[in-house]
Amino acid sequence: MPKSIRSTTARAAAPLDRIRQVVGAQGIITDAADLEPYIVDWRGFYRGATPAVVRPSSTREVAQVVKICAETRTPIVPQGGNTGMCGGATPSANGDEIVLSLGRMNRIREVDALNNTVTAEAGCILANVQQAALEADRLFPLSLGAEGSCQIGGNLATNAGGVNVLRYGNARELVLGLEVVLPDGRVMEGLRGLRKDNTGYDLKDIFVGSEGTLGVITAAVLKLYPKPRTFVTAFAAVPDPAAAVSLLGLLRGECGESISAFELISRLCVEIVLKHIPGTRDPFPAAHRWYVLVELSDASGEGALHAVFERAMARAVERELVLDAVVAGSESQRQSLWRIRESIPEASRDEGILYRHDISVSVSRIPDFIPTAAAALEKSFPGVRIICFGHLGDGNLHYNAFVAGRRRDNPDDRAATDVNRVVHDVVQRFGGSFSAEHGIGQSKRGELAHYKSAVEIELMRALKHALDPHGIMNPGKVLPSSMQE
């Protein structure tokens, strides 16, 4: 048995015995080998330790487990699919934090097609929520690369974004009601599918994006939309990001709210995908410096969307906003185009240690931000390679960088404080955010302390203390350490 687990056995035995009585033998994992997938984040950057992974099967069991932990001051790390980018669901190396895995709570409780809502438990895989909506002839629009393994509770806890934010908003905009177990074991029963409810503070918004530091989301009422009947998906080469922004404006004027995704992709991203992802191919015979992947959808299925899009693209070519374009003629072609975009994170992992920056600035400032940040990085790290892609339509870029000579096995290199500070200082100058959709976790706590205003930090501290006075909920995450005491 690893030292971290053995050293905490005596201290954890009493609460674990009580917890085992609640969840049963099938609801608790203590074997070291079986714990492994739960104590390492998916990027392999963070490794912790835990005496046990607790896997409740109901909200009642979650409440009882949290109450026991509150009484014994046992720290809890809520965990969904463990696909986060910032180590927010990884326990510390202390070995005294229980991992609360919600994977067994995976029921779709209700689909109300007339009200356009689905009620799903926190452990539901995102793709399964999407499928439940489709079976009711509806759309649940939250979509991201990890949708086959991430869980809806984690999506809400991090206020996930994804490719459809331009039209449907972040996870927060998709939530109507929440069921949450509070840090003392009480349950906030807020599963209401109402679009108008002005009965005091909107408490659900406190928990969406809180990364398990204020409570445990156990279920949610989520918005559904009409199922799209027609898609228009195009991969277009553009001269530069400024042309991409202008193209977005033109399409919005011509195509209205039918634009669901508008992704900016640099040439280096495409080259890395072609190099590392089997079966991918370049959409064009000649290379271009910048591309956009744009998708429009329509629930009517009448086919007029193609004509509107073709007229808009013709105007874009006339204005020299588009150099070349490929429009998907089938669902398989559509999936091939999307595969290039969705494979960028996976392909980048095979290139070496990558410094990921999940930033946002106003859409209008992106053309100036990209070269400014590139110049700042090149000045500090000559020869840096920049992997720039992301959701141009809502101003969110994954502005990532490879720095020569950096290694994953070097703790200082992994910390990336110097690289992050260069990029985030530029983001700050442009009035942007250093965390657009991935959250804070443990990797960005220092950035929060550096860039967040004193007033905002004080309000966060007050909220944390009011709901979790003993600091048992996901300690060491989101808030700088001095704020959790």
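Points to keep in mind about this one:
- Test: residue in the range 262-271 that is surrounded by fewer than 16 Cβ atoms within 10 Å (Cβ to Cβ) and free of Cβ contacts under 8 Å to residues at least 24 places away in the same chain: yes
- Among the helices (runs of 4 or more DSSP H) confined to the range 156-263, the ones with at least 2 residues that are closer than 29 Å to Leu114 by Cβ are located at 165-168, 204-207.
- Of all residues in the range 347-395, exactly one satisfies the criterion of being in contact with a Pro (Cβ under 7 Å, 6 or more places away or on another chain) and not hydrophobic (A, V, I, L, M, F, W, C), namely Pro367.
- Criterion: under 18 Å from Ile76 (Cα atoms), touching a Pro at 6+ places or on another chain (Cβ under 7 Å) and modelled with pLDDT of 95 or more - qualifying residue of Val187, Val216: Val216
- Boolean, Leu178 is within 24 Å of Asn82 (Cβ to Cβ), in contact with a Phe, Trp or Tyr (Cβ under 7 Å, 6 or more places away or on another chain) and not assigned by TED's automatic domain parsing to the domain that holds Ala436: yes
- Of the helices (runs of 4 or more DSSP H) lying entirely inside the range 367-485, those carrying at least 1 residues that are touching a helix residue (DSSP H, G or I) at 6+ places or on another chain (Cβ under 7 Å) and over 30 Å from Val216 (Cβ atoms) are 417-429.
- Here Glu110 meets the list (1) in contact (Cβ under 8 Å) with a residue 12 or more places away in the chain; (2) outside any loop (DSSP other than H, G, I, E, B) almost entirely, failing just condition (1).
- Residues being acidic (Asp, Glu) and closer than 12 Å to Phe430 by Cβ - total across the range 362-388: 1
- The set of residues in the range 277-312 that are surrounded by fewer than 16 Cβ atoms within 10 Å (Cβ to Cβ) and part of a helix (DSSP H, G or I) comprises Ala304, His306, Ala307, Glu310, Arg311.
- Every pair of residues 6+ apart whose Cβ atoms lie under 9 Å, when the first sits in the range 371-386 and is in contact (Cβ under 8 Å) with a residue 24 or more places away in the chain while the second is polar (S, T, N, Q) and not in a helix (DSSP H, G or I): Ile386/Ser266; Ile386/Asn400
- Filter result for Phe284 (over 30 Å from Arg43 (Cα atoms) and aromatic (Phe, Trp, Tyr)): yes
- Selection count, the range 112-128, where residues are crowded, with 24+ Cβ neighbours inside 10 Å and under 16 Å from the mean Cα position of the chain (by Cα): 4
- Selection within the range 134-165 - of a type in the set (A, V, I, L, M) and within 20 Å of Gln335 (Cα to Cα): Leu134, Leu139, Leu142, Leu144, Ala146, Val163, Val165
- Val77 vs. criteria in the same structural domain as Val187 (by TED's automatic domain parsing), buried (at least 22 other Cβ atoms within 10 Å of the Cβ) and either part of a strand (DSSP E or B) or within 24 Å of the chain's Cα centre (by Cα) (or both): no
- Test: residue in the range 207-224 that is buried (at least 24 other Cβ atoms within 10 Å of the Cβ), under 19 Å from Gly393 (Cβ atoms) and either under 12 Å from the mean Cα position of the chain (by Cα) or not assigned by TED's automatic domain parsing to the domain that holds Ala120 (or both): no
The values are calculated or read from the model by the stated rules, or taken from the named source; none is laboratory data. A quick note: this is a predicted structure, and the numbers were derived from the prediction, not measured. Glycine also receives a Cβ, built like all others from the backbone with ideal geometry; neighbour counts cover every protein chain displayed.
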